[in-house]
Amino acid sequence: MPTASITLRDVGRTFGATQALTGVGLDLKPGITGLLGPNGAGKTTLLRLLATALPPTQGQLSVLGLDPEVPAERTSIRRQLGYLPQEVGFPRGFTAFAFVDYIALLKEWTQPAARHSEVRRVLGLVGLSDLGSKRIRAMSGGQRRRVALAQALLGSPAVLILDEPTTGVDPEQRVTLRTVLAEIARTSVVVLSTHQTEDVAALCERVIVLDRGRVRYDGPVTDLVHQAAGRVWLADEPDPEASVSWRTGTGRYRNVGPRVRDGAEQVEPSLEDAYLLLRGGSPDHEPREEVAS
Amino acid sequence: MTAALAPARPEAAAGRTAFAALAARELRRFAVNPVFLAGLGMITWILVTDPGGNVPEIDAISGYPAAFLGGFGMMAAFWLTRSMNPSEPVTGVTPVTLPARTAALCTVAILPFACGCLALLWFIRLHPVGLHMYGAFSRPAQVAILTSQIAVPALGGPLLGVALGRWVRFPGAALVVFLFIFGWVNLVTVPSLFHPDSAPVTLLRMFSPFAFFTLRPIHGDPSHIIAWRGSPWFFLGWQLILCAIAVLVALLRGADGRLRSRIIRALMIVAAGAMIMLTLAGTGGFAHPVSL
């Protein structure tokens, strides 16, 4: 069985006069890749390109060795694709089971017995085994998110694209979800976009940081965290030298910045620290030189 | 709860199998749609309570099936088509393309059409062809008229509903179109009341998805039935071509590449056929209105 892969060469996407993505080049292999970036960085656009929901306006995109611009090849890609969009609406009156079953039908699960079994399996994976017969409109936001996630997991796809999968999901379910994704990622390309850096730290071997449509960092999570070593410190007051400071639960201030004040109490950096450092501490910060490894 | 994963799905079924399964699913959803069931209930009640036999004017009752099966069917199909729109970000990246999903939705028209055919048979049983109320038309022509007034609208209405659902965002579009067609049919019929012998007026009356072919004069002998100009057979052809146009317009949404070119080419051919059918419907039939 060939190894699943996604390749992007100088890919760009414009919406009218807005350049959402510029010159993105990536090679994605089996495993979990996290996508970080501020709002409007182009994460959702990139995921939509990978999910064949949107064609690139520049460059070349290849998913599983197939060209999504060619209708027949696009269909072949979609047979091996699971996609969780940022926002999913649900038809009125559908139960969780009926909705996932309908999507399974669209994913060409035509044998009712096999399809129903698969629907039950994915509902079980997201912890909704007991809520299959509940109407989606009557569910909580987190439960709806899990219904949407269940449809993406149908058939253990070779490519799994997840846009903020853990939004609204409780901590226990997030842990379970991590286990599920780690299992799928043994053979599948899993790309997940999130604002939860702890999810990326816990799950991903690789992280891509997007900013204003460009890749700011692409490499191992550990390398990114390592870049922040010696640049995070605790103090009793917010440090003016720091790029970003915030008050922690202990009442002290955690500071992240390019230079540590002499004598400051240094602490182990987290992925969030490294991300903030990369971003310069501000959502509106002008990108500096490429930091990617 | 378990995180264990099942093996990958079985080999993807052929597109045709998936289409058939999807069509069956949509048909089941349509069959339980409250609007369709309401229309079906209304027409059943009308036919059950119809005493049958000769009536002063057949047009007074032959329009009900069109309204309740065609009109209500259109609104139900419109709702059905739009119902999955909120999930388009998910459904839009499945192997079953939007045109294939549209085609599956179009197949639901089989159900109201079958109901329309049953209503037609029931209607003919209640009001057998050859009765005075059908006017001077031949018996086959009388069947053609009833088919165009009862069975074909039950097919065309839902197909139009699917096309509207694919192209129009306004949630009340089907109701507006239903009222518009009702007004349109009546409006194009009015000139024939005053100028029944006019070819352009006949053509205007035929330029509609539904047409009347007979008239009981308001003044004069009330037992008289006037058979208007216009060919029922070619009108039937015109209606069926309108159905084809509705299907093609619906399929055009989301079609790309070669499929899109094919649909556009087919639309042009069908539009030419529609013009020919309309002309023949307007100019065919009796040379002058015939009073019986």
Chain A, dipole about Cα centre (Lys/Arg Cβ +1, Asp/Glu Cβ -1), debye to the nearest 20: 1220 debye
Given charges at Cβ of Lys, Arg, Asp, Glu: the stretch B:16-291 dipole, positive-most of B:23, B:203, B:53: B:23
Neighbourhood charge, 14 Å Cβ-Cβ cut-off, centred on residue B:29 and excluding it, Lys, Arg +1 and Asp, Glu -1: +3
The stretch B:142-207: C-alpha gyration tensor shape, a/c 1.5 cut-off, then a/b vs b/c: oblate
Lys, Arg +1 and Asp, Glu -1 on Cβ, resulting dipole of the stretch A:1-127 about Cα centre, debye, nearest 20: 260 debye
Sum of side-chain charges, residue A:235 neighbourhood, beta-carbon under 14 Å (Lys, Arg +1; Asp, Glu -1): 0
Sum of -39500 (n - 2.57) over DSSP H runs of 4+, divided by residues of chain A (222 nm, nearest 500): -9500 deg cm²/dmol
Fluctuation leader among A:50, A:154, A:234 - chain A, Gaussian network, Cα springs under 10 angstrom: A:234
Considering only the protein assembly as shown, percent of DSSP beta bridges that pair antiparallel, nearest 5: 65 percent
Net charge of neighbours whose Cβ lies under 12 Å from the Cβ of residue B:162, counting Lys and Arg as +1 and Asp and Glu as -1: +3
Simple Cβ-charge dipole of chain B, Lys/Arg +1 and Asp/Glu -1, about Cα centre, in debye nearest 20: 940 debye
For residue A:244, distant residues with modelled amide H under 5 Å away: A:256
Highest-MSF residue in chain A out of A:152, A:72, A:242 [GNM, Cα springs under 10 Å]: A:72
Helix-only mean residue ellipticity at 222 nm for chain B, each DSSP H run of n ≥ 4 adding -39500 (n - 2.57), per residue, nearest 500: -20500 deg cm²/dmol
Dipole of chain A [Lys/Arg +1, Asp/Glu -1 at C-beta], most positive-end residue of A:173, A:20, A:154: A:154
Extension gain (nm, one decimal) between residue B:256 and residue B:291, 0.36 nm per residue minus Cα-Cα: 7.3 nm
Shape call, chain B: gyration tensor on alpha carbons, a/c limit 1.5: prolate
Exposure proxy ranking, count of Cβ atoms within 10 Å, fewest first, for A:159, B:270: B:270, A:159
Charge-dipole axis of the protein assembly as shown as Lys and Arg at +1 and Asp and Glu at -1 on Cβ define it, positive-most pick from A:110, B:266, B:110: B:110
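The numbers here are math on the coordinates, done by the rules we state, and not lab data. Keep in mind it's a predicted model, so treat the numbers as computed, not measured. Backbone-built Cβ (ideal geometry, glycine too); neighbour counts: all protein chains shown.
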